[in-house]
Amino acid sequence: MKNEIWKENCHMYVDGFVVNGGKRLKGKARISGSKNAALPILAGTLIAKGEYILENVPELKDIRTMFKLLENLGLEIEKLDENTYKVLNKGLKSSEAKYDLVKTMRASFLVMGPILANLKNAKVSLPGGCAIGARPVNYHLKGFEALGCKIKIEHGYVEAEADELIGTGIYLDFPSVGATENIVMAAVKAKGKTVIENAAQEPEIEDLCNFLNSMGAKIEGIGTSRLEIEGVEELIPGRYRIIPDRIEAGTFIVASVLMDGDIEIEDVKMEHLESFKLKLEEMGVKFEENNGNLKIKAKLSELKPIKVKTMPYPGYPTDLQAQLMVLLSAINGVSEIKETIFENRFMHVSELNRMGANIEVDGNTAVINGKAEFSGAEVMASDLRAGASMVLAALLAQGETIINRIYHIDRGYEKLEDKLKKLGADIKREKLEVV
Ligand code: EPZ
């Protein structure tokens with residue numbers, strides 16, 4: 001399999017999607033394991049020696065990056081079968097996570113808490129900003145400091161060390177997902193109890209805490225904004241199954257509504273998508289759940305406009321903002337989306353407007369004038385979820401759409417084009433020349 005960038009006669013080629021829209025979607029789509037649960041859980045295998053068997057691990061670019069990082073730190077990764085991996089921790093051979101890997105994936109910073117829990121010192125490259133925002137890690141570092149670490153930032157790296165990690169009370173100024181995960185992992189083997197107030201409550205954090213508790217950690221208040229972590233001497237690795245990806249599920253639900261689909265979505269936990277479901281029901285969408293499978297009933301022409309504000313869980317997820325924007329563009333009436341989590345997460349708007357949407361942005365508010373006639377165009381993905389929104393618009397659009405820079409999409413969607421093709425979409429992955 002040639003790498004993403006393919007050179008021939010000095011021409012550069014990268015993968016892109018070519019989509020011919022207007023095809024009704026029909027059939028079954030199985031939701032993969034959650035990227036945003038698998039990443040911190042994989043980082044968690046750095047905490048204690050032993051053999052971990054992880055099931056439902058999605059085959060994604062970001063997961064492969066995390067594997068490389070873990071191998072650099074001394075772990076052994078073995079694929080047992082599709083989506084099941086054995087991670088062997090025979091002791092860390094390094095406490096340093098280098099720039100060349102961290103620069104490609106911010107979530108690499110999630111190794112800092114686990115390394116500290118294991119070795120009481122860690123050196124991790126500071127993640128830079130990304131397309132959707134500056135994304136500093138000050139809350140993470142504040143938590144490590146509270147646990148007794150001395151922190152030094154030098155040459156683009158954060159160094160933290162402590163003679164001992166001591167449990168304490170930590171208040172998060174904002175319920176940051178990453179900071180909550182990193183602090184929990186640093187605290188599971190600390191002396192005494194740590195209490196995190198205003199902790200993030202995302203299902204991915206619940207999954208991480210359940211994984212740690214399955215190894216003997218003592219975490220209470222899981223799923224609430226107050227996490228209590230009683231430090232333990234030892235953790236005993238074992239087998240764990242990762243939750244389904246709620247953001248992938250939300251993306252397929254929007255595809256079904258957009259394309260008047262007759263889709264059965266398999267292995268979805270709708271309790272993880274409550275706010276999303278309530279907003280779509282407000283528009284007039286009907287959901288039929290049955291044993292982890294889902295059918296959606298909706299008539300695009302009858303759906304009503306809404307106002308949405310992205311919020312930390314259980315509020316409306318920012319990772320389903322771009323996808324919803326396509327749906328709101330296709331229905332009658334004027335809708336509004338306020339993005340409150342990331343300061344620069346409307347990069348998809350100009351591309352959707354090039355495809356025929358009529359969206360106006362003013363600061364962190366987008367006004368979506370509906371009844372857009374999407375037409376195929378050549379567009380560029382700026383980040384993972386922006387890319388997903390362009391695939392959705394392309395499914396609905398008249399004619400051919402070419403989506404560039406789909407490496408963003410490959411970071412978070414497992415075999416997206418195969419799953420859509422199976423539902424009847426006309427989508428192909430092709431080598432597109434880099435112009
Ligand atoms: C996680 O990112 C997810 N990534 C993101 O999903 C998701 O958008 C985000 O949570 C919010 O739900 C993973 O789980 C790997 P945060 P994270 O810390 O942990 C600010 C996707 O599409 N902040 O909750 O980085 C930050 O700048 C990705 O799959 C600080 O200021 O999110 C942001 O504005 C994109 N200081 C806000 O908080 C800090 O120390 C939320 O960030 C930490 C965060």
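None of 116, 42 is closer than 28 Å to residue 405 by Cβ, within 16 Å of the ligand (Cβ to nearest atom) and at pLDDT 95 or above except 42.
Only one of 350, 335 is of a type in the set (Gly, Ala, Ser), closer than 27 Å to residue 29 by Cβ and either modelled with pLDDT of 95 or more or touching a Leu at 6+ places or on another chain (Cβ under 9 Å) (or both); which?
Step by step, each of 350, 335 is checked, and only 335 is of a type in the set (Gly, Ala, Ser), closer than 27 Å to residue 29 by Cβ and either modelled with pLDDT of 95 or more or touching a Leu at 6+ places or on another chain (Cβ under 9 Å) (or both).
Go through segment 341-351 and count every residue that is within 10 Å of the ligand (Cβ to nearest atom) and in contact with a Ser or Thr (Cβ under 9 Å, 6 or more places away or on another chain).
Step one: list which residues in segment 341-351 are within 10 Å of the ligand (Cβ to nearest atom), which gives 341-345.
Okay, now just the ones that are also in contact with a Ser or Thr (Cβ under 9 Å, 6 or more places away or on another chain), so 341-342, 345.
The number of residues fulfilling the criteria is 3.
Among the residues of segment 168-191, which ones are more than 29 Å from residue 241 (Cβ to Cβ) and either near the ligand (Cβ under 9 Å from one of its atoms) or not charged (D, E, K, R) (or both)? Break it down into steps so the answer makes sense when it comes.
Going through segment 168-191, the residues more than 29 Å from residue 241 (Cβ to Cβ) turn out to be 168-171, 173-174, 191.
Once the filter is applied, which keeps residues that are more than 29 Å from residue 241 (Cβ to Cβ) and either near the ligand (Cβ under 9 Å from one of its atoms) or not charged (D, E, K, R) (or both), segment 168-191 yields 168, 169, 170, 171, 173, 174.
Okay, residues lined up against (1) crowded, with 19+ Cβ neighbours inside 10 Å; (2) acidic (Asp, Glu):
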| residue | (1), (2) |
| --- | --- |
| 353 | no, no |
| 383 | yes, yes |
| 388 | yes, no |
| 396 | yes, no |
| 399 | no, no |
| 409 | yes, no |
| 430 | no, yes |
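Against the condition under 23 Å from residue 349 (Cα atoms) and acidic (Asp, Glu), how does residue 262 come out, does it pass? No: the conditions fail for residue 262. Number of residues in segment 319-340 that are touching a residue at least 40 places away in the same chain (Cβ under 8 Å) and either within 16 Å of the ligand (Cβ to nearest atom) or among the β-branched types (Val, Ile, Thr) (or both): the value is 9. You will find that of 359, 409, the residue that is out of contact with any Asp or Glu (no Cβ under 8 Å at 6 or more places or on another chain) and within 16 Å of the ligand (Cβ to nearest atom) is 409 and no other. Of all residues in segment 126-145, those being among the small types (Gly, Ala, Ser) and buried (at least 20 other Cβ atoms within 10 Å of the Cβ) number 1.
Conditions tested, residue by residue: (1) without any contact (Cβ under 8 Å) to a residue 12 or more places away in the chain; (2) within 22 Å of residue 145 (Cα to Cα); (3) within 16 Å of the ligand (Cβ to nearest atom).
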site: 193; (1), (2), (3): no, yes, no
site: 205; (1), (2), (3): no, yes, yes
site: 216; (1), (2), (3): no, no, no
site: 242; (1), (2), (3): no, no, yes
site: 254; (1), (2), (3): no, no, yes
site: 261; (1), (2), (3): no, no, no
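Is it the case, given these coordinates, that residue 34 is touching a residue at least 12 places away in the same chain (Cβ under 8 Å), within 12 Å of the ligand (Cβ to nearest atom) and either surrounded by fewer than 16 Cβ atoms within 10 Å (Cβ to Cβ) or more than 26 Å from residue 147 (Cα to Cα) (or both)?
Values: touching a residue at least 12 places away in the same chain (Cβ under 8 Å): yes; within 12 Å of the ligand (Cβ to nearest atom): yes; either surrounded by fewer than 16 Cβ atoms within 10 Å (Cβ to Cβ) or more than 26 Å from residue 147 (Cα to Cα) (or both): yes.
It is true that residue 34 is touching a residue at least 12 places away in the same chain (Cβ under 8 Å), within 12 Å of the ligand (Cβ to nearest atom) and either surrounded by fewer than 16 Cβ atoms within 10 Å (Cβ to Cβ) or more than 26 Å from residue 147 (Cα to Cα) (or both).
Total residues in segment 334-354 satisfying the condition of being assigned to a strand (DSSP E or B) and either of a type in the set (A, V, I, L, M) or in contact with a helix residue (DSSP H, G or I) (Cβ under 7 Å, 6 or more places away or on another chain) (or both): the figure is 3. Summed over segment 142-161, residues that are away from the ligand (no atom under 15 Å from the Cβ), out of contact with any strand residue (DSSP E or B) (no Cβ under 7 Å at 6 or more places or on another chain) and of a type outside the set (Asp, Glu) total 1.
So that you can scan it fast, the table gives a plain yes or no per residue for (1) in a loop (DSSP other than H, G, I, E, B); (2) out of contact with any helix residue (DSSP H, G or I) (no Cβ under 7 Å at 6 or more places or on another chain); (3) under 29 Å from residue 86 (Cβ atoms):
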position: 182; (1), (2), (3): no, no, yes
position: 194; (1), (2), (3): no, no, no
position: 206; (1), (2), (3): no, yes, yes
position: 210; (1), (2), (3): no, yes, yes
position: 224; (1), (2), (3): yes, yes, no
position: 232; (1), (2), (3): yes, yes, yes
position: 237; (1), (2), (3): yes, yes, yes
position: 251; (1), (2), (3): no, no, no
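Residue 340 - would you say it is under 21 Å from the mean Cα position of the chain (by Cα) and at pLDDT 95 or above? Considered against the rule, which asks whether it is under 21 Å from the mean Cα position of the chain (by Cα) and at pLDDT 95 or above, residue 340 comes out as yes.
State all residues of segment 287-336 that are aromatic (Phe, Trp, Tyr) and either under 19 Å from residue 392 (Cβ atoms) or more than 25 Å from the chain's Cα centre (by Cα) (or both); if no residue qualifies, say none. Please lay out each step first, then the result.
As a first pass, look at segment 287-336 and keep what is aromatic (Phe, Trp, Tyr): 287, 313, 316.
Answer for segment 287-336, where residues must be aromatic (Phe, Trp, Tyr) and either under 19 Å from residue 392 (Cβ atoms) or more than 25 Å from the chain's Cα centre (by Cα) (or both): 287, 316.
Which one is nearest to residue 117 (Cα to Cα), of the residues in segment 30-61 that are assigned to a strand (DSSP E or B) and among the acidic types (Asp, Glu)? The residue in question is 51. Is it fair to say residue 292 is more than 16 Å from the ligand (Cβ to nearest atom), at positive phi, surrounded by 16 or more Cβ atoms within 10 Å (Cβ to Cβ) and small (Gly, Ala, Ser)? Answer is no for this residue.
Select, from 284, 261, the only residue that is more than 30 Å from residue 38 (Cα to Cα), surrounded by 15 or more Cβ atoms within 10 Å (Cβ to Cβ) and out of contact with any Ser or Thr (no Cβ under 9 Å at 6 or more places or on another chain).
Within the list 284, 261, the selection yields 284.
When segment 65-100 is filtered for residues that are exposed (fewer than 14 other Cβ atoms within 10 Å of the Cβ) and either within 16 Å of the ligand (Cβ to nearest atom) or within 17 Å of residue 127 (Cα to Cα) (or both), only 100 remains.
Among the residues making up segment 46-60, those that are away from the ligand (no atom under 11 Å from the Cβ) and within 24 Å of residue 413 (Cβ to Cβ) are 54, 55, 56, 57, 58, 59. Counting only strands (runs of 3 or more DSSP E) that fall entirely inside segment 355-435 and contain at least 1 residues that are free of Cβ contacts under 8 Å to residues at least 24 places away in the same chain and within 15 Å of residue 328 (Cα to Cα), the qualifying elements are 358-362.
The values are calculated or read from the model by the stated rules, or taken from the named source; none is laboratory data. If you're wondering where the values come from, they're calculated on a predicted model, not measured in any experiment. Counting neighbours? That spans all protein chains shown, and the Cβs are built from the backbone with ideal geometry, glycine included.
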